[in-house]
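Data block below; observations after.
The values are calculated or read from the model by the stated rules, or taken from the named source; none is laboratory data. What you are looking at is a predicted structure, and each value in this text was computed from that prediction instead of being measured. Please note: Cβ atoms are built from the backbone with ideal geometry, for glycine as well, and neighbour counts cover all protein chains shown.
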Amino acid sequence: MTNDVDAAETFSDKPLAFTIPSRDARGRLVRLDSVLQEILSAHDYPAPIALLLAEALVIASLLGSLLKDDDAQVTMQAQTEAGTVRLLVCDYRAGELRGYVDFDRERLAELGANPSLFALFGKGFLAITFDGAGKQGRYQGIVPLEGETLGEACETYFVQSEQVPSLIKTAVRLDGDTCSAAGLLVQHLPEGEEGRERLHTRLDHPEWEHVMALATTLRHEELLDPELSLEAIVWRLFHEETEVRTIAGHSLVRGCRCSPEHYRDVLMKFPEEERAEMRDDEGIITVDCAFCSRKFPVAA
Ligand SMILES: [Zn+2]
């Protein structure tokens, strides 16, 4: 294994990227710690919603760690017409993560402790948007929210919208108030095809089947085990490969763009008649940031 990784690197809130050149495969591993606690602490989510958002944030970090440009952003949005969860949003930009879930508390309580993805969303859709900033442009793919986990729905996204065979494994756990979450993404990118649209997607390519067979042996407990470093996981899965390269990703932090200045700029783009309707008796417009559960009084 070759790497540029500091031996003391713990990979807490920092994705690890790896490539297996001989198999045309690349991967990402991430384990969320304090960034996850910080995001969840802004809300008072019941366990099933906290676990759902934790899984979504893991996937957003995995997808975000694929971005090459620091101005680029990836947004995941799961939406439904009549589900218990009305909306789940999370995004990633330059290592900054944020997310929230809008749901019906009463209906959730009726679903019990361990609701399935279908019980939470009903018939829903997952939209993934890559905002490439500059020459890469904006690309959005929408897939049905099907399967056992958000990770499975996201695999469908990669196959259908990007024609990239992908495996996503996520693990989430709640111990009292502490949520742990981690994930693995592995993709097959036949040589020279990265970034180019493919006419045919082969899910049965022997190199890919081999990588998948190894990657699927990773257990949830291993993903979440803080004693097992992300590098040790890569080693454990792929040590028989001729070459595996690893590289540490961007540190993850909780980040949001909300500020009175930001909202004033946004509000100033509205016509004055609309702003007049939004003002209260004191002439203040109150804007909610759903990501932070904070209200911003703006004089605009
Ligand atoms: Zn905010």
Residue within the stretch 220-227 that is surrounded by 14 or more Cβ atoms within 10 Å (Cβ to Cβ) and either charged (D, E, K, R) or assigned to a loop (DSSP other than H, G, I, E, B) (or both) present = yes
Flag for ARG254 being within 16 Å of the ligand (Cβ to nearest atom), surrounded by 12 or more Cβ atoms within 10 Å (Cβ to Cβ), basic (Lys, Arg) and closer than 22 Å to VAL58 by Cβ | yes
Select, from ASP102, ASP91, the only residue that is acidic (Asp, Glu) and surrounded by 15 or more Cβ atoms within 10 Å (Cβ to Cβ).
-> ASP91
Here is a list of conditions, (1) at pLDDT 95 or above; (2) under 21 Å from the mean Cα position of the chain (by Cα); (3) among the hydrophobic types (A, V, I, L, M, F, W, C), and ALA248 meets all of them except one; can you say which number that is?
-> (1)
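State yes or no: is THR246 farther than 24 Å from GLU96 by Cβ, more than 14 Å from the ligand (Cβ to nearest atom) and polar (S, T, N, Q)?
Against the criterion (farther than 24 Å from GLU96 by Cβ, more than 14 Å from the ligand (Cβ to nearest atom) and polar (S, T, N, Q)), THR246 does not qualify.
Of all residues being part of a loop (DSSP other than H, G, I, E, B) and either loosely packed, with under 10 Cβ neighbours inside 10 Å or touching a strand residue (DSSP E or B) at 6+ places or on another chain (Cβ under 6 Å) (or both) in the stretch 191-216, which is modelled with the highest pLDDT? Just the residue, please. Steps first, please.
In the first step, residues of the stretch 191-216 are kept if they are part of a loop (DSSP other than H, G, I, E, B); the result is 191-205, 216.
With either loosely packed, with under 10 Cβ neighbours inside 10 Å or touching a strand residue (DSSP E or B) at 6+ places or on another chain (Cβ under 6 Å) (or both) added as a condition, the list becomes 191-192, 195-197, 199-200, 204.
Values: GLU191: 55, GLY192: 50, GLY195: 48, ARG196: 48, GLU197: 47, LEU199: 49, HIS200: 53, ASP204: 72.
So, considering only residues that are part of a loop (DSSP other than H, G, I, E, B) and either loosely packed, with under 10 Cβ neighbours inside 10 Å or touching a strand residue (DSSP E or B) at 6+ places or on another chain (Cβ under 6 Å) (or both), the one modelled with the highest pLDDT is ASP204.
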In this structure, does LEU117 turn out to be at pLDDT below 95 and of a type outside the set (Asp, Glu)?
-> yes
Of all residues in the stretch 265-300, which are outside any loop (DSSP other than H, G, I, E, B), away from the ligand (no atom under 14 Å from the Cβ) and either among the hydrophobic types (A, V, I, L, M, F, W, C) or farther than 25 Å from LEU87 by Cα (or both)?
-> ASP265, LEU267, GLU272, GLU273, GLU274, ARG275, ALA276, GLU277, MET278, ILE285
